[in-house]
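> My questions will all concern the structure given below.
The values are calculated or read from the model by the stated rules, or taken from the named source; none is laboratory data. Nothing here was measured: the structure is a model prediction, and the numbers come from that model. All Cβ positions, even for glycine, are placed from backbone atoms using ideal geometry, and neighbour counts span all protein chains on display. These accessible areas exclude ligands, DNA and RNA; they are computed on the full protein's heavy atoms, side chains included. Shrake-Rupley method; radii C 1.70, N 1.55, O 1.52, S 1.80 Å.
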Amino acid sequence: MACIDDKGNLTTTAKKILNAVSEDFRSPEEIAKDTGLPLFKVRSSLRDMKSMGFVTESEEQTYKIEERARTLLSKS
Amino acid sequence: MSEFVNQEAKKQEEVVNTLPRIGSPAPQFEAETTHGTIRLEDYKGSWLILFSHPADFTPVCTTEFAAFQEIYPKLKEMNTELLGLSIDSVYSHIAWVRTIEEKLGVKIEFPIIADLNKEVASKYGMIMPEESKTEAVRAVFVIDDKQVVRAVIYYPMSAGRNMEEIVRLIQSLQTSDQHGIATPANWKPGDKVIVPPPGTQEAAEERVNDDNVECIDWFLCKKEVK
């Protein structure tokens, strides 16, 4: 998984994205704008983090952080 | 049985030799890359240059990678991403980009597909069996923001690609889309563009009398675009 390293810590990209979705549901386009990350990277990382239960996806395809990831984020 | 095997081998060869045509939807894929798992659909809304190289740690490819990185900032300004591919492992790619950074001082920022099973290379016809059955040739696919193949360039293994031409090609395609025009030979941004030729005698007559275009003849007229 590209969102956590071999020690189980969040990667820099993952932290940026999780911070961007820590308050409200955001679209990949908004996240890319906020973080300065390329849109393709935001989309692939969100897919990765969704499969790990780090983010939840709305019907409108916007994303918000899950508690599990919030805990990891607070530790990093 | 042997007939069946022959047919299967023929089918496989056809798949290897097939390439997406200009104007066709770009074949979708999901692939392991140096930036994690990426799908083609992740690039929707951006233009993409999907390019293959024969192998990591080879001299021509190394110069090309440094050159691709050099044009990457300019491409990003044009809403265009880069995605490399070769039939090497992700570990080989990682080692190679680290070597490029160490030896050439160039940090490769775009992802590279590790296409060990040749799945993407086969979909895009990047393997030319007459050249090599195990390595991709130097293919470039320009895919637009709607995921349509807009241009295809093929170079043999011995010739490194020209980055200025790749940038110029994107500029030409995007200018054509924006203004509904075509671009002449050796066109560069700022040069006059070609107005589509008129389709009727009446339109041809009007065209040659149009003060807003510069005509050599009714079918070859140019104008400035901003």
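> Does the stretch B:123-143 hold any residues that are open to solvent by 10 Å² or more (accessible area, probe 1.4 Å) and either modelled with pLDDT of 95 or more or of a type in the set (F, W, Y) (or both), and which are they?
Listed by number, the list holds a single entry, B:K123.
> A further question follows. Counting only residues that are among the aliphatic types (A, V, I, L, M) and assigned to a loop (DSSP other than H, G, I, E, B), which one in the stretch A:36-76 is nearest to the other protein chains (Cβ to nearest Cβ)? Show your work before the answer.
Step one: of the stretch A:36-76, the residues among the aliphatic types (A, V, I, L, M) are A:37, A:39, A:42, A:46, A:49, A:52, A:55, A:65, A:69, A:72-73.
Next cut, assigned to a loop (DSSP other than H, G, I, E, B) only: A:37, A:52.
Values: A:L37: 11, A:M52: 12 Å.
Among those that are among the aliphatic types (A, V, I, L, M) and assigned to a loop (DSSP other than H, G, I, E, B), it is A:L37.
> In addition: With the structure loaded, tell me whether B:Q147 is under 28 Å from the mean Cα position of the chain (by Cα), touching a residue at least 40 places away in the same chain (Cβ under 8 Å) and at positive phi or whether it fails that test.
Values: under 28 Å from the mean Cα position of the chain (by Cα): yes; touching a residue at least 40 places away in the same chain (Cβ under 8 Å): yes; at positive phi: yes.
Criteria met by B:Q147.
> Go through (1) farther than 29 Å from B:S24 by Cβ; (2) open to solvent by 60 Å² or more (accessible area, probe 1.4 Å); (3) touching a helix residue (DSSP H, G or I) at 6+ places or on another chain (Cβ under 8 Å) one by one and return the number of the condition B:K226 breaks.
(3)
> Return the only residue of B:V193, B:V149 being in contact with a helix residue (DSSP H, G or I) (Cβ under 8 Å, 6 or more places away or on another chain) and open to solvent by less than 40 Å² (accessible area, probe 1.4 Å).
Working: B:V149 fails: in contact with a helix residue (DSSP H, G or I) (Cβ under 8 Å, 6 or more places away or on another chain).
Result: B:V193 is the single residue among B:V193, B:V149 that is in contact with a helix residue (DSSP H, G or I) (Cβ under 8 Å, 6 or more places away or on another chain) and open to solvent by less than 40 Å² (accessible area, probe 1.4 Å).
> Hey, could you check the stretch B:46-64 for residues that are open to solvent by 40 Å² or more (accessible area, probe 1.4 Å) and in contact (Cβ under 8 Å) with a residue 24 or more places away in the chain and say which is nearest to B:S172 (Cα to Cα)?
B:T63
> Ok, one more. Looking at (1) open to solvent by 20 Å² or more (accessible area, probe 1.4 Å); (2) more than 14 Å from chain A (Cβ to nearest Cβ), find the lone condition where B:I94 falls short.
That leaves (2) as the condition not met.
> Could you grab me the full set of residues in the stretch A:7-30 that are at pLDDT below 95 and assigned to a strand (DSSP E or B)?
A:L10
> Of all residues in the stretch A:14-30, how many are within 10 Å of chain B (Cβ to nearest Cβ) and open to solvent by 30 Å² or more (accessible area, probe 1.4 Å)? Steps first, answer last, please.
Going residue by residue through the stretch A:14-30, those that are within 10 Å of chain B (Cβ to nearest Cβ) are A:28-29.
If we keep only those that are open to solvent by 30 Å² or more (accessible area, probe 1.4 Å) as well, we get A:29.
Of the residues in that region, 1 qualify.
> Does B:R39 satisfy being over 20 Å from B:D115 (Cα atoms), in the same structural domain as B:A139 (by TED's automatic domain parsing), surrounded by fewer than 21 Cβ atoms within 10 Å (Cβ to Cβ) and out of contact with any helix residue (DSSP H, G or I) (no Cβ under 6 Å at 6 or more places or on another chain)?
On the way: over 20 Å from B:D115 (Cα atoms): no; in the same structural domain as B:A139 (by TED's automatic domain parsing): yes; surrounded by fewer than 21 Cβ atoms within 10 Å (Cβ to Cβ): yes; out of contact with any helix residue (DSSP H, G or I) (no Cβ under 6 Å at 6 or more places or on another chain): yes.
Judged against the criteria, B:R39 is not a match.
> Same structure again: Determine which member of the set B:A121, B:A67, B:A95, B:A139 is within 26 Å of A:A2 (Cα to Cα), of a type in the set (A, V, I, L, M) and in contact (Cβ under 8 Å) with a residue 60 or more places away in the chain.
On the way: B:A67 fails: within 26 Å of A:A2 (Cα to Cα); B:A95 fails: in contact (Cβ under 8 Å) with a residue 60 or more places away in the chain; B:A139 fails: within 26 Å of A:A2 (Cα to Cα).
Just a single option satisfies the conditions, and that option is B:A121.
> If I filter the stretch B:196-212 for residues that are open to solvent by less than 50 Å² (accessible area, probe 1.4 Å), under 17 Å from B:N79 (Cβ atoms) and not β-branched (V, I, T), do I get at least one hit? So that I can check it myself, show each step before the final result.
From the stretch B:196-212, those open to solvent by less than 50 Å² (accessible area, probe 1.4 Å) are B:198, B:203-204, B:207; that's our starting set.
Still in the running and under 17 Å from B:N79 (Cβ atoms): none.
Scanning the stretch B:196-212, I find no residue that is open to solvent by less than 50 Å² (accessible area, probe 1.4 Å), under 17 Å from B:N79 (Cβ atoms) and not β-branched (V, I, T), so the answer is no.
> While we're looking at this one, here's another question. Could you list, in sequence order, all residues of the stretch A:23-59 that are under 9 Å from the mean Cα position of the chain (by Cα) and polar (S, T, N, Q)?
Once the filter is applied, which keeps residues that are under 9 Å from the mean Cα position of the chain (by Cα) and polar (S, T, N, Q), the stretch A:23-59 yields only A:S45.
> Now, a different point. All but one of (1) touching a residue at least 24 places away in the same chain (Cβ under 8 Å); (2) open to solvent by less than 60 Å² (accessible area, probe 1.4 Å) hold for B:S158; which doesn't?
If we test B:S158 against (1) touching a residue at least 24 places away in the same chain (Cβ under 8 Å); (2) open to solvent by less than 60 Å² (accessible area, probe 1.4 Å), just (2) comes out false.
> Sort through B:E13, B:E8, B:E70, B:E30 and tell me the only one that's within 14 Å of another protein chain (Cβ to nearest Cβ), at negative phi and either at pLDDT below 95 or open to solvent by 10 Å² or more (accessible area, probe 1.4 Å) (or both).
Numbers: B:E13 fails: within 14 Å of another protein chain (Cβ to nearest Cβ); B:E8 fails: within 14 Å of another protein chain (Cβ to nearest Cβ); B:E70 fails: within 14 Å of another protein chain (Cβ to nearest Cβ).
Among B:E13, B:E8, B:E70, B:E30, only B:E30 is within 14 Å of another protein chain (Cβ to nearest Cβ), at negative phi and either at pLDDT below 95 or open to solvent by 10 Å² or more (accessible area, probe 1.4 Å) (or both).
> Can you name the number of the only condition in (1) assigned to a helix (DSSP H, G or I); (2) out of contact with any Phe, Trp or Tyr (no Cβ under 9 Å at 6 or more places or on another chain); (3) within 11 Å of chain B (Cβ to nearest Cβ) that A:K33 fails?
Just one mismatch for A:K33, condition (3).
> May I ask you to list the residues in the stretch B:143-177 that are aliphatic (A, V, I, L, M), closer than 21 Å to B:T62 by Cα and in a strand (DSSP E or B)?
First, pick out the residues of the stretch B:143-177 that are aliphatic (A, V, I, L, M): B:143, B:148-149, B:151-153, B:157, B:159, B:163, B:166-167, B:169-170, B:173.
Next, from what is left, pick out any that are closer than 21 Å to B:T62 by Cα: B:153, B:157, B:159, B:163, B:166-167.
Passing the criteria: only B:I153.
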